[in-house]
Amino acid sequence: MSGWDHRHVIDLSAFSTDDFTTVLELAQRFRNLPVTGTRKLPALQGRLMTTLFFEASTRTRSSFELAARRLSADVQSFAPGSSSLVKGESLLDTARTYVAMGANLLVVRHGCAGVPQILAEALDRSGDRVAVLNAGDGLHSHPSQGLLDLFTLARHFSPDAPSPEALRGRRVVIVGDVLHSRVARSNLWALTACGAEVVLCGPPTLLPDQFADFVAAPPPGQAVDPVPHRGPVRLVRSLEEALPGADAVMTLRLQKERMHQHLLTTLESYHRCYGLTHDRLALCGRPVPVLHPGPVNRGVELAGALLDDPACSLVEEQVRNCIPVRMALLYLLAAADG
Ligand code: CP
């Protein structure tokens, strides 16, 4: 795994193009292997992966657990509501408790941005040999989702050899609630690193103008960008302007649970302006794949008929790709730890 030097996976802004290549190549190998039942791979035998999820999840948590099992790791999961958090134990002491039980890999989801980073730094300072994987923190980052979206698109454009090169010069439209989306932020880092053009589309309340400069400066906490030349980012306000010439369209969930102000008039008016339908997709001028990280608000950001149409929708393929991509991340972090 040439050049891989990440001890934790917190944010894709820290990934070089070689890092993306490494993950995609390894995920493709895992995707092509029959690794179910008794034919598990022994790579993580003797390792323990613990999922610390402080927010709800279906796909991310289940697929990390399945990925770890397919690599022969032990798996332990934590349920905040029935844990000693309710007696006042701190988040860091909770993490340390699992590390003391032998966790080598902590997969962390939290509603506050920065929690996985804070845990990783605190555990590093105390000399614990444990890797932290961010499974989604507030509005900040969802790196494994960004990687599986990238893998899905790269396989769509280059099924036998998915690589960052498959995205070079492609135009990917990301439409919807960018403001509240950690998935959109991770995709911005991933897609621009691969040389794709990203067109962001949404109303000003859900897509502030500042997003046009999202990848312009060195990533937060880094002196230089590990990717010297990124693809461009453009911001438009209507799907009619965004879709012509697109190579792929990524729709985002309206994150009603994170909206504390009145950012929308009605869901119906949002769907009329920004909901993706077969008719709207035809504006691309050619057959184009549709992605959505899930869970979907059917009939709001994406018409049910389009979501269920296998000729256009890659949503189930994204879910299938959760497992090989997360296997790749677990494998790389365990290998980096020796
Ligand atoms: N896409 C995603 O993170 O889904 P879950 O919330 O179900 O994990």
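The values are calculated or read from the model by the stated rules, or taken from the named source; none is laboratory data. Everything numeric here is computed off the predicted structure, so don't read it as measured data. Please note: Cβ atoms are built from the backbone with ideal geometry, for glycine as well, and neighbour counts cover all protein chains shown. Please note that ligands, DNA and RNA were not included when accessible areas were found on the heavy atoms of the full protein model with its side chains. Shrake-Rupley method; radii C 1.70, N 1.55, O 1.52, S 1.80 Å.
Using every Cα-Cα pair within the range 143-318, state what percent have a distance larger than 22 Å.
Working: 6161 of 15400 pairs.
That fraction is 40 percent.
Just to confirm the number: angle between the C-alpha axis of helix 59-70 and the first principal axis of the chain, 0 to 90 degrees, nearest 10?
With rounding to tens, the tilt is 50 degrees.
Below 10 angstrom from the Cβ of C194, what's the summed charge of the other residues (Lys, Arg +1; Asp, Glu -1)?
Details: positive: R168, R170, R230; negative: E165.
Here the charged neighbours net out to +2.
With just the Cα atoms defining each centre, how far is the range 263-331 from the range 195-240? Give it in Å.
Measuring centre to centre over Cα atoms gives 20 Å.
Relative to the longest principal Cα axis of the chain, at what angle does helix 91-100 sit, 0 to 90 degrees, rounded to 10?
Orientation of helix 91-100: about 50 degrees from the principal axis.
Any idea what angle helix 115-125 forms with the longest principal axis of the chain, computed on alpha-carbon atoms, 0 to 90 degrees, nearest 10?
Relative to the chain, helix 115-125 is tipped by roughly 30 degrees.
Can you check what the net charge comes to around P34, using other residues whose Cβ is under 11 Å from the Cβ of P34 (Lys, Arg +1; Asp, Glu -1)?
On the way: positive: R31, R39, K40, R70; negative: none.
Counting the neighbours of P34, the net charge comes to +4.
Among the DSSP beta bridges whose two residues both lie in the chain, what percent are antiparallel, rounded to the nearest 5? If you can, show how the numbers build up before the last one.
On the way: 1 of 35 bridges.
Around 5 percent antiparallel, to the nearest 5.
Between K256 and L33, what FRET efficiency comes out of the Förster formula 1/(1 + (r/R0)^6) with R0 = 35 Å and r the beta carbon distance, rounded to 0.05?
About 0.35, to the nearest 0.05.
Extending each Cα 7 Å along its Cβ direction at Q210 and S57, get the distance between those two points in nm, one decimal.
For the pair Q210/S57, the computed spacing is 2.7 nm.
Ignoring ligands, DNA and RNA, what accessible area per residue does the chain give at 1.4 Å, in Å²? Before the final figure, lay out each step's value.
On the way: 14000 Å² over 338 residues.
Counting only protein heavy atoms, the per-residue value for the chain is 41 Å².
Looking only at A100, A68, A184, which one moves most when the chain is put into a Gaussian network model with springs between Cα atoms under 10 Å?
Result for the chain, Cα springs under 10 Å: A100 fluctuates most.
Evaluated at 4 °C with a viscosity of 1.567 mPa s, what Stokes-Einstein diffusion coefficient in µm²/s does the chain have when Rh comes from the Kirkwood expression over alpha-carbon pairs?
Details: Rh = 20.4 Å.
Translational D for this selection: 64 µm²/s.
Taking 0.36 nm per residue of separation and subtracting the Cα-Cα distance, what length does fully extending A336 through R298 add? Could you put the intermediate results ahead of the total?
Working: separation 38, 0.36 × 38 = 13.68 nm, distance 4.09 nm.
Result for the pair: 9.6 nm of gain on full extension.
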